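Peer 1: Take this structure first; my questions come after.
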Amino acid sequence: MSIKLKSVGKTYQLGQTTVHALRDATLEIAQGEFVALVGPSGSGKSTMLQLMGALDQPSSGEVWVDDQPVNQMSDHELAKIRRNRIGFIFQSFNLIPVLSVFGNVELPLVLQRVPRQERHDRVYAMLERVGLTERALHKTEELSGGQRQRVAIARALVTNPTIVLSDEPTANLDSKTGEEILALMQRLNEEQHVTLLFATHDAKIVKHAKRVVSILDGRINNDQLTAGA
């Protein structure tokens with residue numbers, strides 16, 4: 001799955017103040033890439049992820065998914081892409097507190113109408129990979145921040161997405177768990193060609209990424225598109 005931004009701008013109105021979250025952003029993420037999007041807080045990283053994930057529309061310019069402009073897609077088509085092809089890992093987790101760990105990870109499979117036994121097997125396989133099998137029946141409010149982050153990661157990966165968009169995926173993880181999660185995602189990237197785009201401040205992610213994109217004040221610094229280590 002490839003995503004392109006073509007001269008994209010995004011503005012928000014806060015009272016009488018116009019906030020320019022993105023300015024003339026042009027970027028292409030090819031299928032199978034592992035890209036780290038770096039920049040200070042407020043630089044536009046999260047806004048870019050929302051646009052690339054078809055969660056929002058640009059104020060100007062175009063966002064293309066697999067050679068089709070997002071603004072020409074129906075709500076049904078956009079929902080289908082988000083449900084079946086994109087895995088989201090939000091910085092605020094966005095977990096459902098009334099559901100167990102298992103229920104949160106299972107939910108996207110329910111929306112995909114995956115059969116019950118297959119859902120069960122896939123959820124437990126993913127919980128084992130992120131080290132949460134013993135917490136499967138716990139409510140998310142009973143978990144630490146790092147454990148909630150791992151639930152969010154499991155939920156994003158259980159659908160076998162073709163692209164994963166993540167806002168600070170290791171922010172709430174200890175260094176050992178963070179390295180394990182990054183290793184898991186790197187295997188997905190290398191073995192299954194899952195496209196990864198991470199907005200991050202984490203030097204470990206930058207080290208793992210194959211390309212680093214710098215953004216400042218809503219502008220992509222095209223002079224600093226670099227290969228990762």
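Peer 1: Answer yes if at least one residue in region 88-107 is of a type outside the set (Phe, Trp, Tyr) and on the phi > 0 side of the Ramachandran plot, and no otherwise.
Peer 2: Taking region 88-107 and keeping what is of a type outside the set (Phe, Trp, Tyr), we get 89, 91-92, 94-101, 103-107.
Among the residues that remain, those that are also on the phi > 0 side of the Ramachandran plot are: 94.
Yes, the conditions are met somewhere in region 88-107.
Peer 1: Please indicate, with yes or no, whether at least one residue in region 68-84 is under 18 Å from the mean Cα position of the chain (by Cα), loosely packed, with under 15 Cβ neighbours inside 10 Å, among the charged types (D, E, K, R) and more than 30 Å from SER214 (Cβ to Cβ).
Peer 2: Of all residues in region 68-84, those under 18 Å from the mean Cα position of the chain (by Cα) come to 70, 78-84.
Now drop any that are not loosely packed, with under 15 Cβ neighbours inside 10 Å, which leaves 79-80, 83-84.
If we keep only those that are among the charged types (D, E, K, R) as well, we get 80, 83.
Still in the running and more than 30 Å from SER214 (Cβ to Cβ): 80, 83.
The answer is yes, given that some residue of region 68-84 is under 18 Å from the mean Cα position of the chain (by Cα), loosely packed, with under 15 Cβ neighbours inside 10 Å, among the charged types (D, E, K, R) and more than 30 Å from SER214 (Cβ to Cβ).
Peer 1: Okay, moving on. Based on what the data block shows, is LEU78 at pLDDT 95 or above and not small (Gly, Ala, Ser)?
Peer 2: Details: at pLDDT 95 or above: no; not small (Gly, Ala, Ser): yes.
Considered against the rule, which asks whether it is at pLDDT 95 or above and not small (Gly, Ala, Ser), LEU78 comes out as no.
Peer 1: Can I ask one more? So PHE88 passes all but one of these: (1) among the aromatic types (Phe, Trp, Tyr); (2) more than 20 Å from the chain's Cα centre (by Cα); (3) surrounded by 16 or more Cβ atoms within 10 Å (Cβ to Cβ). Which condition number does it fail?
Peer 2: (2)
Peer 1: While we're here: Let me spell it out: the conditions are (1) over 25 Å from THR47 (Cβ atoms); (2) of a type in the set (Phe, Trp, Tyr); (3) touching a Ser or Thr at 6+ places or on another chain (Cβ under 9 Å), and PHE93 meets all of them except one. Which number is the exception?
Peer 2: (1) is the only condition that PHE93 fails.
Peer 1: Moving on. Would you check if there is a residue in region 2-12 being among the β-branched types (Val, Ile, Thr) and over 20 Å from the mean Cα position of the chain (by Cα)?
Peer 2: yes
Peer 1: Please report, ordered by residue number, the helices (runs of 4 or more DSSP H) entirely within region 136-229 with at least 1 residues that are buried (at least 20 other Cβ atoms within 10 Å of the Cβ) and polar (S, T, N, Q).
Peer 2: 145-157
Peer 1: Based on this model, can you work out whether THR133 counts as surrounded by 13 or more Cβ atoms within 10 Å (Cβ to Cβ), in contact (Cβ under 8 Å) with a residue 12 or more places away in the chain, polar (S, T, N, Q) and not assigned by TED's automatic domain parsing to the domain that holds GLN186? Steps first, please.
Peer 2: On the way: surrounded by 13 or more Cβ atoms within 10 Å (Cβ to Cβ): yes; in contact (Cβ under 8 Å) with a residue 12 or more places away in the chain: no; polar (S, T, N, Q): yes; not assigned by TED's automatic domain parsing to the domain that holds GLN186: yes.
Here the answer is no, as THR133 does not meet what is asked.
Peer 1: Looking at region 163-184, which of its residues are in contact (Cβ under 8 Å) with a residue 60 or more places away in the chain and of a type in the set (Val, Ile, Thr)?
Peer 2: ILE163, VAL164, listed by residue number.
Peer 1: Looking at ARG187, ARG211 in this structure, which one is out of contact with any helix residue (DSSP H, G or I) (no Cβ under 9 Å at 6 or more places or on another chain), assigned by TED's automatic domain parsing to the domain that holds HIS20, of a type outside the set (Gly, Ala, Ser) and touching a residue at least 60 places away in the same chain (Cβ under 8 Å)?
Peer 2: Values: ARG187 fails: touching a residue at least 60 places away in the same chain (Cβ under 8 Å).
Going through ARG187, ARG211 in turn, just one is out of contact with any helix residue (DSSP H, G or I) (no Cβ under 9 Å at 6 or more places or on another chain), assigned by TED's automatic domain parsing to the domain that holds HIS20, of a type outside the set (Gly, Ala, Ser) and touching a residue at least 60 places away in the same chain (Cβ under 8 Å): ARG211.
Peer 1: Look at ALA125 and say whether it is part of a helix (DSSP H, G or I) and under 22 Å from LYS45 (Cα atoms).
Peer 2: Numbers: part of a helix (DSSP H, G or I): yes; under 22 Å from LYS45 (Cα atoms): no.
For ALA125, the condition - part of a helix (DSSP H, G or I) and under 22 Å from LYS45 (Cα atoms) - is not met.
Peer 1: Return the only residue of LEU109, LEU137, LEU99 being closer than 22 Å to LEU196 by Cα, modelled with pLDDT of 95 or more and touching a helix residue (DSSP H, G or I) at 6+ places or on another chain (Cβ under 8 Å).
Peer 2: LEU109
The values are calculated or read from the model by the stated rules, or taken from the named source; none is laboratory data. Just so you know, these numbers come straight off a predicted model, no measurement behind them. For neighbour counting, all protein chains shown are included, and Cβ atoms are generated from backbone atoms with ideal geometry for every residue, glycine included.
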